[in-house]
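Here is the structure we will look at.
Just so it is clear, none of the values below were taken in a lab; they were calculated from the coordinates. What you are looking at is a predicted structure, and each value in this text was computed from that prediction instead of being measured. When we count neighbours, we look across all protein chains shown, and the Cβ atoms used for this are built from the backbone with ideal geometry, even at glycine.
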Amino acid sequence: MIPLRFAVLASGGGSNLQALLDRIRSGDLPAEHVFTVSNNSQAKALERTRNAGALAFHISSKTEGSEEGVVSKLLELIDHHPVDLLVLAGYMKKVPPAVLHRLKNRVVNVHPALLPSFGGAGFYGERVHEAVVQSRCEFTGVTIHMVNENYDDGQIILQRKVRVPAGADAKTVGQLVLEKEHDSYWRVLKAFADGDVVSTDSDNPAEAVRINPEWLQRMSELD
Ligand code: GRF
């Protein structure tokens, strides 16, 4: 089997990236991590990438002189290091339309709630979990979805629920959700590698990927 080649965009801690790297190392995920880009020079994701022997790039409007410069640099990287999938893992910037166009229907994101609830502009980081706690939801969870030009709006590939413990604060909820993210993202990448999720060339955002119903059924049996 040819391993899935992927790149990562990350702004922060990169624990999701690390979980993917760990699954590659353990043999669970037949994939090759090619490079990581961060808009933040201090992102731990860059350090994790270097430690794993992959390419790590700090790219921002400061390093490139402008937002247009960032777009050119990202496109150049994608051209020089072709990938099957672009994986967003805590990337706090919008992916430029030109990049989405170049990697049509091949950009995925993980969101720490059950979209469409607690998604869209303004719902990031701890704010998501604070809103969940304030709404007294019994469940929150993880959504892994395709990326298009609107925040948190692409086709959903996988959702997994997390029970909100009575009286839990946002920090606790966030930790529980992050654990579930770590157990979920690699499964979606593996599904791409195995052909259970296949990118289409459709212009309809609701049909960005074809998902094998048997795979979805298997995922629904996870806790
Ligand atoms: C995760 O909660 C993810 O859902 C969100 O940003 C966070 C990134 O965490 N998009 P990490 O950098 O992977 O630790």
### Query
Which whole-number percentage describes the relative contact order of the range 1-103, with Cα contacts under 8 Å and a sequence gap of 6 or more?
35
### Query
Using modelled amide H (1.01 Å from N, peptide plane; none on Pro or chain starts), what sits under 5 Å from the amide H of LEU114, excluding residues fewer than 5 places away?
GLY141
### Eligible lysines near LYS161 by straight Cα distance, threshold 28 Å, same-chain separation 8 or greater
LYS44, LYS93, LYS94, LYS171, LYS180, LYS190
### Query
Percent relative contact order of the chain, based on C-alpha pairs within less than 8 angstrom and at least six residues apart?
18
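Over the range 142-223, calculate the relative contact order: mean separation of alpha carbon pairs under 8 Å at least 6 apart, over the residue count, as a percent.
Contact order relative to length: 27 percent.
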### Query
Anyone know which of SER135, SER15, SER41 comes out most mobile in the 10 Å Cα GNM of the chain?
SER135
### Task
Compute the whole-percent fraction of alpha carbon pairs in the range 1-103 spaced more than 19 Å apart.
38
### Message
Mean-square fluctuation check for the chain, GNM, Cα pairs under 10 Å: which of LYS44, LYS104, LYS171 is largest?
### Response
LYS171
### Query
log₁₀ I(q)/I(0) of the range 81-128 at q = 0.29 Å⁻¹, via Debye over equal Cα point scatterers, no solvent, to two decimals?
-1.17
### Query
Considering the chain as a Gaussian network with a 10 Å cut-off on Cα pairs, which listed residue, PRO30, PRO112, PRO165, attains the greatest mean-square fluctuation?
PRO165
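Would you work out the charge dipole size for the range 1-103 about its Cα centre, treating the Cβ of every Lys and Arg as +1 and the Cβ of every Asp and Glu as -1, and quote it to the nearest 20 debye? Let's see the in-between values first.
Values: 11 positive and 10 negative charges, 49 e Å.
Charge dipole of the range 1-103: 240 debye, to the nearest 20.
Cα convex hull of the chain: mean projected area in nm², to one decimal? Kindly include the intermediate steps, with their values, before the conclusion.
Values: hull surface 48.0 nm².
Result: a mean projected hull area of 12.0 nm².
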### Rg followed by Dmax, in Å, when the range 76-189 is reduced to its Cα trace
14.8, 50
